[in-house]
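For reference, the structure is listed below as structure tokens.
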Amino acid sequence: MRRSGTGASRAPRTAVLTALVVTVALALSACDAGGSGGGTGTGGAAGADGVAVVPAGERVLPRALAGRTLEGRPLDIADRKGQVVVINVWGSWCPPCIAEAPHFVEVAKETEGKGVAFVGIDTRDPDRIPALAFQKDLGLPYPSLYDPTGKLILDGFPKGTLNPQTLPSTIFLDREGRIAARALRAIGADGLREVITPLLAEK
């Protein structure tokens, strides 16, 4: 009887350990968003930091990136032309998206009024409620387009360009609205600054 009791107590401990391993693995890896494919894209060469950058002469414009925000307001990213635009593609269910959000909040506030615009695209959230909670709880100071089926992402980025393929993904547009860089992983505040600063310096 004592032996069987020990085995029974081991089972819950094993289940907890397995759950912890899975949680850590999720937190350290990108979420599968069913992206639009296309490799590193036109002119994009990924560096050691995982950020692919496109030379100015090889950049292309995205297609329409417009729709409704999580609050239901109209938003067209093309209206941000003239600024460096940071587009963070996220989902409320994605652990790496949660982990990187404070860095986006930090840099978005730091660059406010300095020629940088942050915009989110929430995808694969079939309901707005958890996405709105994500936005509120993490204090995102910028709007996010609501793209539950991924159609906006699929249609908005031409095949062969730097496009979102995993969650989180971050796309950087130069002042002319062209696709300039992409990160296919969670990115920190320093990583954001390293991409934004040279784009701001471009004439």
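From the list Arg73, Arg59, which residue is at pLDDT 95 or above and surrounded by 14 or more Cβ atoms within 10 Å (Cβ to Cβ)? From the options Arg73, Arg59, the qualifying one is Arg59.
Does the range 48-61 hold any residues that are closer than 28 Å to Pro148 by Cα, assigned to a loop (DSSP other than H, G, I, E, B) and within 18 Å of the chain's Cα centre (by Cα), and which are they?
Gly50
Residues of the range 108-126 that are within 11 Å of Gln83 (Cβ to Cβ) and among the basic types (Lys, Arg): Lys114 alone.
Checked against the criteria, Asp125 counts as under 23 Å from Ala64 (Cβ atoms) and of a type in the set (Asp, Glu).
Filtering the range 159-201 to residues that are assigned to a strand (DSSP E or B), surrounded by 24 or more Cβ atoms within 10 Å (Cβ to Cβ) and β-branched (Val, Ile, Thr) leaves Thr170, Ile171, Ile179. Exactly one residue among Thr123, Thr111 is farther than 29 Å from Ala201 by Cα, among the β-branched types (Val, Ile, Thr) and open to solvent by less than 70 Å² (accessible area, probe 1.4 Å), and that residue is Thr123. Per the conditions (1) modelled with pLDDT under 95; (2) open to solvent by 70 Å² or more (accessible area, probe 1.4 Å), the sole criterion not satisfied by Asp137 is (1). Just one residue in the set Asp122, Asp155 is acidic (Asp, Glu) and touching a helix residue (DSSP H, G or I) at 6+ places or on another chain (Cβ under 6 Å); that residue is Asp122. Quick one: would you say Arg128 is among the basic types (Lys, Arg) and touching a residue at least 60 places away in the same chain (Cβ under 8 Å)? No.
Restricting the first member to the range 55-67 and to residues that are under 14 Å from Arg175 (Cα atoms), and the second to residues that are in a helix (DSSP H, G or I) and open to solvent by less than 30 Å² (accessible area, probe 1.4 Å), the beta-carbon pairs closer than 8 Å and six or more apart or on different chains are Pro62/Ile77; Pro62/Gly156.
The values are calculated or read from the model by the stated rules, or taken from the named source; none is laboratory data. Owing to the predicted nature of the structure, the values given are computational and were not obtained by experimental measurement. Backbone-built Cβ (ideal geometry, glycine too); neighbour counts: all protein chains shown. For accessibility, only protein heavy atoms count, side chains too; no ligands or nucleic acids. Shrake-Rupley method; radii C 1.70, N 1.55, O 1.52, S 1.80 Å.
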